[in-house]
Amino acid sequence: MKSDTPKKPQRSTAGGPPPASATQGKGGEPEWANGLRQLYDSVVDEPLPDTFRSLLAQLDSKD
């Protein structure tokens, strides 16, 4: 008889091989590292909101 409940993913034991989702891409980095780097770069490239810039100016003037 076949169960309809999904199987839990198997975890590696300490010191064992990483799970398949953590496989390494080119350059020895995990496959998700490139996507995370692109996300970080896009956030860094966003302009500073005017309200935040104003708040920083107010804080600087109090010194």
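Laboratory data are not the source of any read-out in this text; all were calculated from the coordinates shown. These figures come from a predicted structure and were not determined experimentally. Note that we place each Cβ from the backbone using ideal geometry, even for glycine, and neighbour counts take in every protein chain shown.
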Q.
Sort 45-58, 28-41 by packing, meaning the average of other beta carbons within 10 Å per residue, with the highest value first.
A. 28-41, 45-58
Q. Roughly speaking, what is the stretch gain from K62 to V44, that is 0.36 nm per residue apart minus the C-alpha to C-alpha distance, in nm to one decimal?
A. 3.8 nm
